[in-house]
Amino acid sequence: MSNINLFILSPLSQFEVTSLIGINAPILGYIHISLTNLALYSIFILLIVVGLHFYGNNDYNLIPSKWSISLESSFASLNTMVREQVGSHSEVYLPFVYSIFFFILIGNLISNVPYSFAVTASGVVALGLSLTIFIGVTILSLSIHGVKFFSFFIPAGTPLGLVPLLALIELISYLARAVSLGVRLFANIVAGHTLLKILSTYLYKLFTGNIIVAIITLIPFTIFLALVGLEIAVSLIQAFVFTLLVCSYLKDAIELH
């Protein structure tokens, strides 16, 4: 049984995947079963997303609650975005995009809670989402267009002599999608959370000093609160940008643009 570590000790500790509970089971020779902070917070996100939508269920209420109206507005906004970006038959992809948006949004917001774990800043999650979406979109495009899919790498009107060079450039650009989507999310969350952790550590030391220093520290503390609000806004923006790019990739796969 490993030690349980729920507290963040350094600016980068909030991004480390650690084992909270480990059990060695003598099954099939030797099996080590462990619960990591990544798995624990992923379960939290799942429960929160399901719980919020269950709470916002308006099937048995004559007058919708404010939370129900908020969820319906979110659904309508995402539905409009998917319809405009993906185009025809967009309703098929809406549940996937909707689920991705709320998973990333709740994961980002939870990571703003002090001493919590940043799920979306984990390379396993961010790059895992990016890679699986890239593979899924590629398979979708191949299933729709077959061999014609490879025309995606040759821009229309390209002179014959430039076809090999441009095809190579387009191929590299396309393969970069496998990591760029996750790196964008990973980098923004890590940068913002690291800055807040460093600032909060210094502000705590200043507040615990003498009374004069503590009073003067109120000025940078207001700036810190503004940065916290900005980081919460970034949590929403990054979830929106991620899903918007997913819709863009789906449109490219369907229409070969």
Sole exception among (1) at pLDDT 85 or above; (2) within 28 Å of V92 (Cα to Cα); (3) open to solvent by less than 30 Å² (accessible area, probe 1.4 Å) for I135, by number: (3)
Out of T217, T243, T208, T222, sole residue that is touching a residue at least 24 places away in the same chain (Cβ under 8 Å) and not hydrophobic (A, V, I, L, M, F, W, C): T243
Cross-chain or 6+ apart pairs with Cβ under 8 Å, region 129-149 first and farther than 14 Å from R177 by Cα, then aromatic (F, W, Y) and open to solvent by less than 50 Å² (accessible area, probe 1.4 Å): S141/F149; S141/F152; L142/F149
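Rundown of residues vs (1) assigned to a helix (DSSP H, G or I); (2) closer than 16 Å to A121 by Cβ; (3) more than 18 Å from the chain's Cα centre (by Cα), yes/no style:
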position	(1), (2), (3)
H193	yes, yes, no
I198	yes, yes, yes
Y202	yes, no, yes
S235	yes, yes, no
C247	yes, no, no
Subset of region 244-257 (residues that are hydrophobic (A, V, I, L, M, F, W, C) and over 30 Å from V113 (Cα atoms)): L250, A253, I254, L256
Positions within region 15-45 being at pLDDT 85 or above and either surrounded by 13 or more Cβ atoms within 10 Å (Cβ to Cβ) or part of a loop (DSSP other than H, G, I, E, B) (or both), in sequence order: L38, A39, L40, Y41, S42, F44, I45
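Quick grid of which residues meet (1) exposed (fewer than 14 other Cβ atoms within 10 Å of the Cβ); (2) of a type outside the set (D, E, K, R); (3) over 20 Å from N112 (Cβ atoms):
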position: L160; (1), (2), (3): yes, yes, yes
position: V163; (1), (2), (3): yes, yes, yes
position: I172; (1), (2), (3): yes, yes, yes
position: K197; (1), (2), (3): no, no, no
position: L206; (1), (2), (3): no, yes, yes
position: I211; (1), (2), (3): yes, yes, yes
position: F221; (1), (2), (3): no, yes, no
position: V234; (1), (2), (3): no, yes, no
position: F242; (1), (2), (3): no, yes, no
Members of region 244-257 found to be among the small types (G, A, S) and surrounded by fewer than 19 Cβ atoms within 10 Å (Cβ to Cβ), listed by number: S248
I189 within 18 Å of V246 (Cβ to Cβ) and either at pLDDT 90 or above or of a type in the set (S, T, Y) (or both): no
Residue that is most open to solvent (accessible area, probe 1.4 Å), among those in region 58-94 that are part of a helix (DSSP H, G or I) and among the hydroxyl-bearing types (S, T, Y): S77
Qualifying residue in region 95-115 (condition: open to solvent by less than 60 Å² (accessible area, probe 1.4 Å), free of Cβ contacts under 8 Å to residues at least 40 places away in the same chain and more than 23 Å from S235 (Cβ to Cβ)): no
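The values are calculated or read from the model by the stated rules, or taken from the named source; none is laboratory data. Keep in mind it's a predicted model, so treat the numbers as computed, not measured. All Cβ positions, glycine included, derive from the backbone under ideal geometry; neighbour counts span all protein chains shown. Remember, those area values only see protein heavy atoms, side chains included, never the ligands or the DNA or RNA. Shrake-Rupley method; radii C 1.70, N 1.55, O 1.52, S 1.80 Å.
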